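Read the structure below first, then the notes.
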Amino acid sequence: MNMGEMNMKTLNRIVMAGIVAAFFAGILAAQTLVVGTGNPDVDISAVQAAVDKGGSVVLKGHFSFGNPPGRRGELPDLMATVLISNEVTISGTWDEQGQITTIDGGEIPFAVEARGATVKIERLRFIRPKLFAIFVAAAGGLAIESCIVEDVQPRLLPGNSSGLTSAVGIYVSTVMGLPTLERPGDLGNVSGKLSILNNQVSIGGAPDHGIGIMIVNLGNRETPVDADISGNTVRNATLRGINALQIVGQARIERNIVETSVLYAGRAGGSLIAGIHCGGSGSYLIAHNRTDVADPNMAGIRIKGYPALGAAIEHATITDNDVTMSAPEGAVFGMGSAGIEIIGLVRGAVVQRNRILGRARVGLSVAPDKTGSPTDNTFDGNDFQNFVSPAAGLSLKK
């Protein structure tokens, strides 16, 4: 090898090393590390400043969000502790003692209003957040993964005059509350891929409307939503463990565990309560979930139309789920007690290969509501062998 070849190889190595160094320097420069202090005056402002920069934000240690919410969103009545308005990935990590990043308290610790931007929140532990742990009103792509939400504390929903309290772990909606003809919201504010994966959510404080994971009023024809709600565990929801309503696009609800071991009859203000509930427009797949509900007026899985907008739920599939009805012996079952229930404007649903265990008013219920009756639905291969119903002849056995 001559001297010229050696010099050229040396030069090439230097150039490549410089490229690699610049690449990793760019990554490090784009990442912001914030270490919690336990002082809300410091922690809240530090996290807000970091997410305002965008890019990758890593939170480490213990954060206190104990101050009243100070960030006002564009959505009416929205006040949050930290408001996310641009593209960002917020990640937790582990400290030297092996503890995952913790955010203590806060009324709506994180709210997202970032139309058209992709936002990811992962590996964070929320302890006793108030009202909602994470609320998303606008995003062009969203991932909430591997978070722990413990004991969401109930509060009155802003702008709601009913007096009923609410607590929701992960809430994605283009309106605060539920859409109506008078308040339809802008469905296109949330669009694209929506992933809510492998989170753990528990509800505390016995709210009137306690929901683990809720998506509602999302997507439009130009920008439909593609929602994947999978691998999550929800405990002690008082209204619905997983609630998906009125979307343009598709939602897959798969491999989740929903458990409610406490009786909440009467606290939902007359609303239908269920482990998993889907309603209104959208394409829904509910598969390979495990629900275990104790309230004697609760359904394990329910699908229905959306009467407020006269919307039907069409071609939903409920398949290969394990539904356990754990009402105590001697319980008086309400009309809402059913393993699987379809109500109102439900068309072309397929209910197949589900296993229903325990005790309830009925194993499978098909019922009309004020908007209409279910039509053209298929039931096949559902297993009721280990199910007991006091309403003789009303439970379907196949």
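Zone of ALA30 (label point 7 Å along Cα→Cβ, backbone N under 18 Å): which residues in region 115-141?
Counting backbone N atoms under 18 Å from the label point, the list is 117-122, 140-141.
Along the Cα→Cβ direction, 7 angstrom out, place labels at HIS288 and ARG255. What is the inter-label distance in nm?
Spacing of the two 7 Å Cα→Cβ label points: 0.5 nm.
Between ASP376 and LEU263, how many nm apart are label points set 7 Å from Cα along the C-beta direction?
4.2
Got a number for the accessible area of SER230? Probe 1.4 Å, square angstrom, nearest 10.
0
First check a/c for region 107-151, with a ≥ b ≥ c the square roots of the eigenvalues of its C-alpha gyration tensor; if it is under 1.5, answer rounded, and if not, answer prolate when a/b is larger than b/c or oblate otherwise.
In terms of gyration-tensor shape, oblate.
Tell me which residues come under 5 Å, amide H to amide H, from VAL201 once H is placed; ignore anything under 5 positions away on its chain.
Under 5 Å from the amide H of VAL201 lie the amide H atoms of VAL149, THR233, VAL234, ARG235, each far enough along the sequence or on another chain.
Less than 17 Å from a label point 7 Å out along the Cα-to-Cβ axis of ARG353: which backbone N atoms in region 312-329 qualify, by residue?
316-323
With a ≥ b ≥ c the root eigenvalues of the C-alpha gyration tensor of the chain, is it rounded (a/c under 1.5), prolate (a/b larger than b/c) or oblate?
Prolate is the answer for the chain, as a/c is 1.5 or above and a/b outweighs b/c.
Provide the solvent-accessible area of HIS209, counting protein heavy atoms only and rolling a 1.4 Å probe, rounded to the nearest 10 Å².
In the full protein context, HIS209 sits at about 40 Å².
Go ahead and set up a Gaussian network model of the chain, Cα springs under 10 Å, then flag whichever of GLU87, GLU329, GLU122 fluctuates most.
Comparing GLU87, GLU329, GLU122 in a Gaussian network model of the chain, the most mobile one is GLU329.
Roughly how tilted is helix 40-53, in degrees to the nearest 10 and between 0 and 90, from the longest Cα axis of the chain?
It works out to around 80 degrees.
Which of VAL350, VAL323, VAL190 moves the most in a Gaussian network model of the chain with Cα springs under 10 Å?
Largest GNM mean-square fluctuation: VAL350.
Give me the one-decimal nm value for the distance between modelled label points at ASN386 and ASN160, 7 Å along each residue's Cα-to-Cβ direction.
Result for the modelled spin labels: 3.6 nm.
Tell me, in nm to one decimal, what length is gained between MET335 and ASN86 on full extension, where the rule is 0.36 nm per residue of separation less the Cα-Cα distance?
85.0 nm
Ranked by accessible surface with a 1.4 Å probe, highest first, in what order do LEU194, LEU357 come?
Numbers: LEU194 5, LEU357 60 Å².
Heavy-atom accessible area, descending, gives LEU357, LEU194.
Could you estimate the translational diffusion coefficient of region 229-325 from the Stokes-Einstein equation, with Rh from the Kirkwood formula over C-alpha pairs, at 4 °C and 1.567 mPa s, in whole µm²/s? Write down the numbers at each step before the final one.
Numbers: Rh = 13.4 Å.
For these conditions, the coefficient is 97 µm²/s.
Please work out the Kirkwood hydrodynamic radius for region 146-188, using every pair of different C-alpha atoms, and report it in angstroms with one decimal place. Walk me through the intermediate numbers first.
Details: mean 1/r = 0.0812 Å⁻¹.
Kirkwood radius, region 146-188: 12.3 Å.
In degrees from 0 to 90, rounded to the nearest 10, what is the angle of the helix 3-30 Cα long axis to the longest principal axis of the chain?
So the helix axis and the longest Cα principal axis differ by about 50 degrees.
What does the extension gain come out to for ASP322 and SER195, with contour length at 0.36 nm per residue minus their alpha carbon separation? List each step's numbers first, then the result.
Numbers: separation 127, 0.36 × 127 = 45.72 nm, distance 2.29 nm.
Full extension of this stretch gives 43.4 nm more.
When the Debye formula is applied to the Cα atoms of region 159-292, each taken as the same point scatterer, what base-10 log of I(q)/I(0) results at q = 0.12, 0.16, 0.20 Å⁻¹?
Computed log10 I(q)/I(0) values: -0.43, -0.78, -1.18.
Show ARG353, ARG115 ordered by accessible area, largest first, where the area counts protein heavy atoms only and the probe is 1.4 Å.
ARG115, ARG353
Given the options SER146, SER281, SER162, which has the most mean-square fluctuation in a GNM of the chain, springs set between C-alpha atoms less than 10 angstrom apart?
Largest GNM mean-square fluctuation: SER162.
First check a/c for region 69-177, with a ≥ b ≥ c the square roots of the eigenvalues of its C-alpha gyration tensor; if it is under 1.5, answer rounded, and if not, answer prolate when a/b is larger than b/c or oblate otherwise.
oblate
The values are calculated or read from the model by the stated rules, or taken from the named source; none is laboratory data. As the structure is a prediction and not an experimental result, all values here were calculated from the model. Here Cβ is always computed from backbone atoms with ideal geometry, including for glycine, and neighbour counts include all displayed protein chains. Remember, those area values only see protein heavy atoms, side chains included, never the ligands or the DNA or RNA. Shrake-Rupley method; radii C 1.70, N 1.55, O 1.52, S 1.80 Å.
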